[in-house]
Amino acid sequence: MSGPALAVGRSAPKLEAVEKVTGRAQYIADLARPGMLHGAILQSPYAHARILRIDISAARALPGVHAVLIGEDFGDHRMGAFVKDETAMALGKVRYVGEPVAAVAAEDEATARRACQLIEVAYEELPAVLTIEEALAPDAPIIHPRLAEYFKVFPAISKGNSLSYTEIAEGDVARAWRDCEVIVEGEFETPAQAHLAMEPCGALAEVDAQGRVTLWSANQSVFRVQANVCESLGLPMARLRCVTPRVGGGFGNKMEAHVQPIAVKLALATERPVRLILNREEDFQMVRVRHPAKLRMRTGAKADGTLVARECELNLDGGAYGDDSPGVLGYALLMSRGPYRIPHMRAHGHVVYTNKLRSGAFRGFGNPQVSFAGETQLDEIAERLHMDPLELRLKNILMPGEAWFGGQAVPSNGLLDCVSAVRTASGWDARTTLPAAPEGKRRGFGIALAGHISGLLATSAIVRVLEDGSVILNTGAVDIGQGSDTVLTQICAEALQVPIERVSLASPDTDGSPYNWGTTASRVTYTTGRSVVGAAREVERQIKEHAAEILECSPVDLELRPGGRVGIVGVPEDLPFVAVSARAHWRKGGPIVGTSSLVYDTPTLDPKRATALGLPFQQIGVFSFCALIVEVEVDEATGQTLLRRAWSAVDVGKAINPQLVEGQIEGGLVQGLGFALVEEVVWDGARLANPSLMDYKAPGFLDVPYEITSIIVEHPQPDGPFGAKGVGEIGLVPVAPATANAIFEAAGVRLRRLPMTAERVLRALLAEEAGHAD
């Protein structure tokens with residue numbers, strides 16, 4: 001493909017910007033169908049209980065109620081991304097407070113909610129398992145007695161309340177400790193974090209005259225919705241069409257099923273459209289959270305700072321159902337070495353069932369938890385050796401051409417440039433000469449590095465040239481606000497040398513879109529973008545074949561030119577696409593359509609270098625890199641920590657849309673700031689204590705750094721679309737450890753539990769002062 005860049009590298013505005021700003025964007029809550037009913041859900045008040053009896057008679061008799069469904073109406077059909085362990089509604093027993101026990105469809109939402117209150121349920125309460133330690137105890141109550149029978153999509157190692165055990169090893173850790181002259185070890189804890197998407201989860205289902213269902217829902221993959229709903233209801237996939245309107249954020253919590261199966265079942269039962277939307281409290285209680293984690297990590301180095309060995313034991317609280325938990329554990333362990341050379345490495349751990357709402361995919365997918373521990377320990381080693389933390393990282397940094405933990409090749413690695421960029425931009429080497437902090441405040445800098453993947457599973461694309469030479473692109477990828485619709489359009493426009501305005505993107509629809517696994521794992525730009533380029537190349541081939549016959553030359557002598565034209569190399573005259581497409585439509589060959597399908601197929605492990613047990617991902621990779629430096633200010637009297645400035649450099653391969661890349665870097669940083677300092681889903685026993693925006697603290701305007709410097713580094717990925725890699729998650733990953741390291745430089749206290757709230761920082765300060773006083 002030839003010609004100057006038309007679209008790639010341009011900060012084109014989002015395609016839907018005007019639609020959203022003017023309020024014309026249609027979300028689930030804006031959709032309605034003729035004769036539509038409204039749904040509501042009755043939730044369990046118990047964390048673990050056997051359902052003895054459900055009396056729905058009073059609810060069913062309430063005027064305006066059209067259907068009341070319980071678990072038995074759904075049957076014993078199970079869904080799950082890795083382990084098929086979850087029914088759409090509680091069947092036989094409940095496993096967390098808030099689990100759906102019954103659902104109602106009525107003429108209006110108020111009536112539906114009133115009917116739920118009239119349902120009488122008799123429970124036999126069972127002992128609840130609420131912590132990782134309780135789950136792994138030998139005498140623990142078993143949450144899923146049928147675990148051994150559940151279908152598993154990978155060779156899971158499951159037993160008791162351990163949903164999945166994974167282990168990865170490289171080198172000889174046991175022998176390597178004797179070569180270490182400094183060893184640091186410690187325990188770390190990270191909390192559940194709410195996704196807090198602006199739009200709560202919801203769905204609208206309608207049954208046509210043939211009994212086929214159309215489902216609109218807030219989701220991150222119409223194809224995952226289709227699979228989950230059909231698995232959980234025992235429906236053939238051909239009977240369900242899934243469509244996505246605008247989505248008000250996801251961050252992972254809309255990747256797997258939420259209320260879609262219930263909405264579909266209510267529509268089938270009533271033969272009328274049913275819309276079911278969770279309120280904010282229900283969304284907190286029923287959907288999913290970031291995995292709470294407990295880690296033990298040990299890292300050893302030589303006296304000159306050369307890293308030698310690391311062992312990581314990671315245990316995750318997966319909640320009541322499997323969801324994406326085995327994948328999060330496996331991926332986190334793959335990331336536990338960080339972007340460094342550590343020749344001897346062992347990472348292992350469990351994800352366990354507990355009687356809490358399920359944990360699932362969340363921006364970073366386990367990487368923020370292990371990075372918090374790993375990057376903290378690098379600073380501890382630097383302190384012990386009296387080395388600059390940045391220099392210690394440079395001494396051990398993963399160099400271009402070197403492999404990731406497990407042996408996977410890394411063909412694109414711009415991490416050195418990232419470190420250099422933030423070092424210069426932040427003035428790291430001169431930080432001790434900065435003006436002193438105001439009285440009662442302490443300031444410090446912290447650094448952390450990260451790597452993250454963007455290659456995963458299958459995708460496809462269709463590119464079609466219309467009669468007038470304009471282009472339709474269809475990928476099935478869902479834009480959840482990050483701008484993938486715009487980026488994929490830019491990739492297509494660049495590949496065909498046409499203006500962005502002459503490319504239209506079709507909405508995700510399982511009836512008409514080619515398959516795409518999902519908008520998750522930072523994968524759309526890289527993975528789906530590759531399919532877009534592949535489909536465009538097929539279109540280019542057909543255009544050149546038609547043009548060659550018109551111009552009486554060989555196709556190899558032709559080139560695409562800006563503006564949607566094709567001509568002979570070195571000859572100024574050319575043809576517009578309209579002339580070629582009109583010939584294809586009306587005279588010879590048929591419409592010009594290009595398709596491309598692929599699955600990411602690079603092995604995760606090199607068996608000559610590493611071994612693994614229970615690893616869910618056999619093919620995952622393509623690495624982006626990030627270096628982050630932050631400056632914090634700690635209040636000595638209150639312990640409050642403010643992030644004053646931040647410098648984040650990310651190797652994205654190629655920035656298709658620089659402004660959107662910067663937005664992802666900044667958004668990830670702010671969400672990571674919440675994870676680091678204030679966000680925590682808190683349980684009061686088995687019940688959520690803060691399921692509202694009044695009680696759940698997230699960063700506000702005054703909490704965000706007054707200066708965020710986003711630096712784009714471009715080390716092209718050889719097989720990426722125009723060299724691009726993913727950027728969606730990586731900006732979040734190093735925020736917590738960089739902040740923790742900055743707090744230590746500022747105040748001399750090392751925190752190993754998140755969030756690092758003002759109270760926890762203050763307690764650490766007081767303990768430090770008491771220690772010195774002694």
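In µm²/s, what is D for region 142-232 at 10 °C and 1.306 mPa s, where D = kT/(6 pi eta Rh) by Stokes-Einstein and Rh is the Kirkwood radius from Cα pairs?
In µm²/s, the coefficient is 82.
Per residue of region 429-434, what does 6.51 cos²θ - 1.76 cosθ + 1.60 with θ = phi - 60° give for ³J(HN,Hα)? Whole Hz please, x for Gly and Pro, Karplus curve as stated.
3J(HN,Hα) across region 429-434, in whole Hz: 5, 10, 5, 6, 9, 5.
Kirkwood hydrodynamic radius for the chain: how many Å is it when counted over pairs of different Cα atoms?
Details: mean 1/r = 0.0364 Å⁻¹.
The answer is 27.5 Å.
What is the Rg over Rh value, at two decimals, for region 593-655, using alpha-carbon atoms and the Kirkwood definition of Rh?
1.25
Which residues' amide hydrogens lie under 5 Å from the amide hydrogen of Y123, considering only partners 5 or more residues apart or on another chain, with H built in the peptide plane?
L52
Hey, which lysines would be in cross-link range of K588, C-alpha to C-alpha under 27 Å, not counting anything within fewer than 8 residues on its own chain?
K544
Is the shape of region 378-465 best called rounded, prolate or oblate, per the rule: a/c under 1.5 gives rounded, else a/b larger than b/c gives prolate, else oblate, with a ≥ b ≥ c the square roots of the Cα gyration tensor eigenvalues?
Since a/c reaches 1.5 and a/b is larger than b/c, the shape of region 378-465 is classed as prolate.
Return the whole-Å distance between the Cα centroid of region 123-194 and the Cα centroid of region 557-620.
When both Cα centres are located, 43 Å separates them.
Could you calculate, for region 441-540, the ratio of the Cα radius of gyration to the Kirkwood radius, expressed as Rg to Rh? List each step's numbers first, then the result.
Values: Rg = 16.8 Å, Rh = 14.6 Å.
With Rg and the Kirkwood Rh in hand, the quotient comes to 1.15.
Relative contact order for region 211-315: what is it in percent, counting Cα pairs under 8 Å that are at least 6 residues apart?
So the answer I get is 22 percent.
Taking 2.2 N^0.38 Å as the expected size of a compact globular protein, what ratio does the Cα radius of gyration of region 481-634 give against it, to two decimals?
1.41
Determine ³J(HN,Hα), in whole Hz, for all residues of region 523-529 in sequence, where each value follows from phi through the Karplus function 6.51 cos²θ - 1.76 cosθ + 1.60 and θ = phi - 60°; x replaces Gly and Pro.
The phi angles translate into 9, 5, 4, 6, 6, 5, x Hz.
Take the alpha-carbon positions of region 490-560, form their convex hull, and give its projected area averaged over all directions (one quarter of the hull surface) in nm².
Mean projected area for region 490-560: 5.9 nm², to one decimal.
Residue by residue, what Karplus-based ³J(HN,Hα) values in Hz, rounded to whole numbers, does region 567-583 have, using 6.51, -1.76 and 1.60 with θ = phi - 60° and x for Gly and Pro?
x, 7, 4, x, 10, x, 5, 8, 10, x, 4, 4, 5, 6, 5, 4, 4
Over the Cα atoms of region 2-49, each weighted equally, I'd like the Debye log10 I(q)/I(0) at q = 0.30 Å⁻¹, rounded to two decimals.
Rounded to two decimals, the profile gives -1.12.
Which chymotrypsin sites (Phe, Trp or Tyr not before Pro) in region 667-774 pass both tests, a DSSP loop state and at most 10 other beta-carbon atoms within 10 Å?
Answer in residue order: Y706.
In the neighborhood of L204, defined by Cβ-to-Cβ distances under 9 Å, what is the net charge if each Lys or Arg adds +1 and each Asp or Glu adds -1?
Net of charged neighbours comes to +1.
Near K159, which lysines are there with a Cα under 18 Å away, not counting those fewer than 8 places off in the same chain?
Those lysines meeting the cut-off are K84.
State the percentage of accessible surface on region 271-338 attributable to carbon and sulfur atoms; use a 1.4 Å probe and exclude ligands, DNA and RNA.
Ligands and nucleic acids excluded, carbon and sulfur give 41 percent.
Using only Cα atoms, figure out Rg for region 609-711 and give it as a multiple of 2.2 N^0.38 Å.
Compared with the compact-globule rule of thumb, region 609-711 sits at 1.42.
Report the antiparallel proportion of the DSSP beta bridges in the chain as a percent, rounded to a multiple of 5.
Here the antiparallel bridges make up roughly 80 percent for the chain.
Determine which lysines satisfy two conditions relative to K20: a Cα distance under 28 Å, and not lying fewer than 8 residues away in the same chain.
K254, K654, K697, K725
Return the long-range amide H neighbours of G186 (sequence gap of 5 or more, or a different chain), with a cut-off of under 5 Å between placed amide H atoms.
Residues meeting the criterion, in which the H sits 1.01 Å from N, are M297.
Work out which trypsin sites (Lys or Arg not before Pro) in the chain are exposed loop sites (DSSP not H, G, I, E or B, at most 10 other Cβ within 10 Å) and give the longest gap free of them.
147-586
Note the per residue figure in Å³ for the convex hull of the C-alpha positions in region 714-774. Intermediate values should be presented prior to the final figure.
Working: hull volume 6.6 nm³, N = 61.
It comes to 108 Å³ per residue, whole-number rounded.
Compute and list, largest first, the equivalent-ellipsoid semi-axes of region 234-287 from the alpha carbon gyration tensor, each √(5λ) rounded to a whole angstrom.
Semi-axes, largest first: 21, 15, 11 Å.
Would you mind listing how long region 2-101 runs along its three principal axes, going by Cα atoms, in whole Å with the largest first?
The Cα atoms of region 2-101 stretch 70, 39, 22 Å along their principal axes.
So for region 320-450, averaging the separation of alpha carbon pairs under 8 Å that are six or more residues apart and normalising by length, what relative contact order in percent results?
Once divided by the residue count of region 320-450, the mean separation gives 26 percent.
Report the equivalent ellipsoid semi-axes for region 549-687 in whole Å, largest first, defined as the square roots of five times the eigenvalues of the gyration tensor built from alpha carbon atoms.
For region 549-687, the ellipsoid semi-axes come out as 53, 25, 17 Å.
Could you give the dipole magnitude of region 1-129 about its Cα centre, charging the beta-carbon of Lys and Arg +1 and that of Asp and Glu -1, in debye to the nearest 20?
The calculated dipole for region 1-129 is roughly 460 debye.
What is the gain in length, in nm to one decimal, between K159 and Q26 on full extension, counting 0.36 nm per residue of separation less the C-alpha to C-alpha distance?
So the chain would gain 43.4 nm between K159 and Q26.
Please calculate how many Å² of accessible area the chain carries per residue, with a 1.4 Å probe and no DNA, RNA or ligand atoms counted. The partial results should precede the final answer.
On the way: 28020 Å² over 774 residues.
Computed with neighbouring chains in place, this is 36 Å² per residue.
Please report how far the C-alpha centroid of region 476-497 lies from that of region 289-363, rounded to the nearest whole angstrom.
33
Once you have the Kirkwood Rh of region 627-774 from its Cα pairs, apply Stokes-Einstein at 4 °C and 1.567 mPa s and quote D in µm²/s.
In µm²/s, the coefficient rounds to 77.
The values are calculated or read from the model by the stated rules, or taken from the named source; none is laboratory data. Everything numeric here is computed off the predicted structure, so don't read it as measured data. Note: ideal-geometry Cβ built from the backbone for every residue, glycine included; neighbour counts use all protein chains shown. Note: areas computed on protein heavy atoms with side chains; ligands, DNA, RNA excluded. Shrake-Rupley method; radii C 1.70, N 1.55, O 1.52, S 1.80 Å.
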